[in-house]
1. Give me log10 I(q)/I(0) at q = 0.07, 0.08, 0.09 Å⁻¹ for the chain, Debye formula, one equal scatterer per alpha-carbon, no solvent.
2. Using a ≥ b ≥ c from the Cα gyration tensor of segment 1-130 (square roots of the eigenvalues), is it rounded, prolate or oblate, where a/c under 1.5 gives rounded and otherwise the larger of a/b and b/c decides, a/b for prolate?
3. Taking the chain as a Gaussian network, where each spring joins two C-alpha atoms under 10 Å apart, which residue of Gly16, Gly316, Gly262 fluctuates the most?
4. Using only the alpha-carbon atoms of segment 156-280 as identical scatterers, what base-10 log of I(q)/I(0) does the Debye formula give at q = 0.10 Å⁻¹?
5. Helix 43-52: angle to the longest alpha-carbon principal axis of the chain, degrees 0 to 90, nearest 10?
6. Can you grab the distance from the C-alpha centre of segment 235-269 to the C-alpha centre of segment 74-142, Å, no decimals?
7. Placing +1 at every Lys and Arg Cβ and -1 at every Asp and Glu Cβ, with all other atoms neutral, what dipole size does the chain have around its Cα centre, in debye to the nearest 20?
8. May I ask for the equivalent-ellipsoid semi-axes of segment 132-184, computed as the square root of five times each C-alpha gyration tensor eigenvalue and listed largest first in whole Å?
Amino acid sequence: MNKRPIVGITMGDPAGNGAEITVKALANPVVYENSRPIVIGDANCMEQAVKIVGQEGKIRIHAVKEVKDACFEYGVIDVYDMGLVDMEKHIFGKVSKMCGEAAFQYVVKVIDLAMKGEIDATVTNALNKEAINMAGHHYSGHTEIYADYTNTSKYTMMLAHDNLRVVHVSTHVSLRQACDLVKKDRVLEVIRIADNACRALGIENPKVGVAGLNPHCGENGMFGTEEIEEIQPAIDAAMAEGICIPEKKPTPPDTVFSKALGGWYDIVVAMYHDQGHIPLKVKGFVYNRELKKWDAVAGVNVTLGIPIIRVSVDHGTGFGHAGTGSADELSLANSIEYAIRLANNKK
């Protein structure tokens, strides 16, 4: 029996860089040594991407209608061909209903395949939120689609790059609303999810850091009372369950990530989207001012709490340079590697 996990990779928005970075990532033979990848998307778009990145004669596209028909051989990219993109209407870098619908359906299909057990893990390229809403699918992102289609009510996202891992109490809401969502039950729920996530990665006794919401964790109520009224009670409850929180209290947001980078924590619970995203992207993203492009785009996004494995690139669709072949595949390569690790640990 072949023990290499089958990894379903969505192509992302066809007007973006998903197809070309997928070809680049799958040009690495190590991916095939460790897994059996299959792309959920449009074969025509993938054929175009092979030409864009200069892999003609080295990589060919194999369109299939069933996972069982894939060959999983290096040099051949199996594509579960959805046939949703009219190439005569396809324009790189343009938001459209057609591409939004296609990107959404790729996600729905990869979830369906994972829920049926036909694939072992899912990896998603970026979609455009405006485009999927234009197509009539009113979601704020991948995470919410996965939660809906897996019937999951308790979930969150984890961002990871090397030894820095962050989970969030809230994500795609306004900052004003994010403050209102810092409640004991939700904070406790996310601490539990963080602990379980580390164990799924093979970390036996994870150490969880919990960020405060306010400057200096509120200075005993001078700058806000959320730490006293909501976060500390959640920490106490988590510790009573045996979860290791070394500080035994919330850690100031301006130092918690430095401690995590130093190995004091295995994972950090952030109170809102940007609190967790900024340190991850400072670590993993490098911008070249002279060339006006990203030299490095590293890191992954993992949806936690759902019954299937989902790992995503930690960047957008790259509409500004889509179709040029210049997009960096590092985040996608990291995502595939992370998905393989999670799938192997789940077996």
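Read-outs throughout are calculated quantities, based only on the coordinates presented, and are distinct from any laboratory measurement. Bear in mind the structure is a predicted one, so any value in this text is a computation, not a measurement. Counting neighbours? That spans all protein chains shown, and the Cβs are built from the backbone with ideal geometry, glycine included.
1. -0.30, -0.39, -0.49
2. Judged from the Cα gyration tensor, segment 1-130 comes out oblate (a/c at least 1.5, b/c at or above a/b).
3. Of Gly16, Gly316, Gly262, the most mobile in the Gaussian network model is Gly262.
4. -0.25
5. For helix 43-52, the angle is close to 90 degrees.
6. That distance is 37 Å.
7. Using only the charged Cβ atoms, the result is roughly 380 debye.
8. In descending order the semi-axes read 21, 16, 12 Å.
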